[in-house]
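Engineer: Just dropping this structure here.
The values are calculated or read from the model by the stated rules, or taken from the named source; none is laboratory data. This structure is a prediction, so every number in the text was calculated from the model and none was measured. Note: ideal-geometry Cβ built from the backbone for every residue, glycine included; neighbour counts use all protein chains shown.
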Amino acid sequence: MGDLQRFCDALVAAAVRRDGTTLAALLSMEATATARASADYLSRGGPSSHSLSSNLAAASAGGGGGGGGGAGGPPYGRLPPPWQAGLAGLVEHRLLASAALAARAWQDVFVHLAAALSAFQAMVRADGRWVVAALLRLSTDVRVVAKQADGFTLAINDRGEVGDTKKWAALGLVNQLFRCYFSLNQLRLCRNLIRAVEAASFLPFEGFPAPHRVTYKYFTGRLSLYEEQYGAAAESLAYALNRLPAPPPPSAPPAADRYAGHRRAVLLYLVPARLLLGVAPSAALLDRYDLTDTYGGIVRGVTTGDLGAYATALARHEGLFMRRALFLVLDKLRTLVYRSLLRAVQVVLDGKTRLRVVMWAAAMSSAGGKDASAVGGEVDLVEAECVAANLIALGLVKGYIAHKAGYIVLSNNLAFPPVAAVMERRRLAAGGGG
């Protein structure tokens, strides 16, 4: 049996056993077994003439003998569908990274390692903690190679003719690093990449392939959202959404839209970014991209002041929002829900500018202001007054609290200023640059 088959046996066996430690060791750039497998792979012709799928399908249950089935059938067939779909690509790029390392072709090492990491991330989305060690191993190797080889700088500083320069690879490399930094929660490192892309020496942004531009704007939009630069977030994410291939007409079935999943991924972040600027999506848009259940209650809360709908939706999809790093972003919408409720109370009172705190507390209670599990719970006067005072302090409402008299006094002139203008003033006051 050759080194390549032994490597595939061990890799598949580790995956079947959910042995994250062994998997991480096999994927490490320091693994000698992987280096030997890479040499064997190239001796067989590499990706141009040898199919790794045959080696993976023939992997033995014990990780040491060819073609075995064992209980439950061949181990490769027992892997989850994402693993079966992506493992060959992961192995190919990982072996080519070792080959490039042997040749000291540092830029190629970086490109293949980053591609292996991207393939691995796509495979393990539904897996648990057992894949963390391997994910960290790959991510660390990508970062080390990028630092030691300066592969990104090779692309940035290439002085060849514009039509033949390696700089055209730079945006793709930036996107690969974005994936690494986001997966490792090292977002502070992303700003260095953005400064490089925005530098005068960088090639014209619109000259890069559309998929690279869309991916770049998707990540920079998410980063701006986390940094509370909502205008910049909405702009970048809208760019990503609008540069995807045009969707079919609304009358076409959803299955006809090949990029519906991409659009939904962008909208998961674009919807809250726009809500934080006071712009709500249409019901038709949410429905088309299967986001009505996810965001319908939140949108209703922000636009009408329905605290119960907002809190229920936030609690029901907490798992999704946590995985997508959206929970804290969406929690910031709570102030806009209160703002809409206060505005609704004023409308019910025929536009009066003096609202009794006791009436405001009653409105909060009936709307479900206590928490998600106690819709209709009692809200005391102190809490109600504090909520109103916070809206005024944030600039979302113009007015003041007449504490002794027990009134909320709203301004006669634009008591509810445009949310986007308020957010922009707060960004400038905080020294935001975006």
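Engineer: Filter the range 249-268 down to residues that are loosely packed, with under 10 Cβ neighbours inside 10 Å and at pLDDT 80 or above, then give me how many there are.
Structural biologist: Looking only at that region, the number is 1.
Engineer: Now for a different question. Would you be able to tell me the number of residues in the range 299-332 that are hydrophobic (A, V, I, L, M, F, W, C) and surrounded by 19 or more Cβ atoms within 10 Å (Cβ to Cβ)? Show your work before the answer.
Structural biologist: Pass one, the range 299-332, residues hydrophobic (A, V, I, L, M, F, W, C): 299, 302, 307, 309, 311, 313-315, 320-322, 325-330.
Keeping just the survivors that are surrounded by 19 or more Cβ atoms within 10 Å (Cβ to Cβ) gives 299, 302, 307, 309, 311, 313-314, 321, 326, 329-330.
Number of matching residues: 11.
Engineer: Sticking with this structure for a sec: Return the only residue of 362, 344, 283 being closer than 24 Å to residue 418 by Cα and assigned by TED's automatic domain parsing to the domain that holds residue 397.
Structural biologist: On the way: 362 fails: closer than 24 Å to residue 418 by Cα; 283 fails: assigned by TED's automatic domain parsing to the domain that holds residue 397.
When all the criteria are applied, what remains is 344.
Engineer: Determine whether the range 362-375 contains at least one residue that is under 30 Å from residue 270 (Cα atoms) and among the charged types (D, E, K, R).
Structural biologist: Yes, the range 362-375 has at least one match.
One line per residue, one yes/no per condition, for (1) in contact with a strand residue (DSSP E or B) (Cβ under 9 Å, 6 or more places away or on another chain); (2) β-branched (Val, Ile, Thr); (3) at pLDDT 95 or above; (4) within 14 Å of residue 335 (Cα to Cα):
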position: 376; (1), (2), (3), (4): no, no, no, no
position: 379; (1), (2), (3), (4): no, yes, no, no
position: 397; (1), (2), (3), (4): yes, yes, yes, yes
position: 403; (1), (2), (3), (4): no, no, no, no
position: 424; (1), (2), (3), (4): no, no, no, no
position: 427; (1), (2), (3), (4): no, no, no, no
position: 430; (1), (2), (3), (4): no, no, no, no
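Yes/no per residue for (1) touching an Asp or Glu at 6+ places or on another chain (Cβ under 6 Å); (2) free of Cβ contacts under 8 Å to residues at least 60 places away in the same chain; (3) assigned to a helix (DSSP H, G or I); (4) not polar (S, T, N, Q):
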{"residue": "177", "(1), (2), (3), (4)": "no, no, yes, yes"}
{"residue": "181", "(1), (2), (3), (4)": "no, yes, yes, yes"}
{"residue": "203", "(1), (2), (3), (4)": "no, yes, no, yes"}
{"residue": "217", "(1), (2), (3), (4)": "no, yes, yes, yes"}
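Engineer: Quick check, is residue 45 surrounded by fewer than 18 Cβ atoms within 10 Å (Cβ to Cβ) and either of a type in the set (Gly, Ala, Ser) or over 19 Å from residue 108 (Cα atoms) (or both)? Show your work before the answer.
Structural biologist: Numbers: surrounded by fewer than 18 Cβ atoms within 10 Å (Cβ to Cβ): yes; either of a type in the set (Gly, Ala, Ser) or over 19 Å from residue 108 (Cα atoms) (or both): yes.
Yes: the conditions hold for residue 45.
Engineer: Which one of the conditions (1) over 15 Å from residue 278 (Cα atoms); (2) free of Cβ contacts under 8 Å to residues at least 24 places away in the same chain does residue 308 fail to meet, given that it meets all the rest?
Structural biologist: All conditions pass for residue 308, except number (2).
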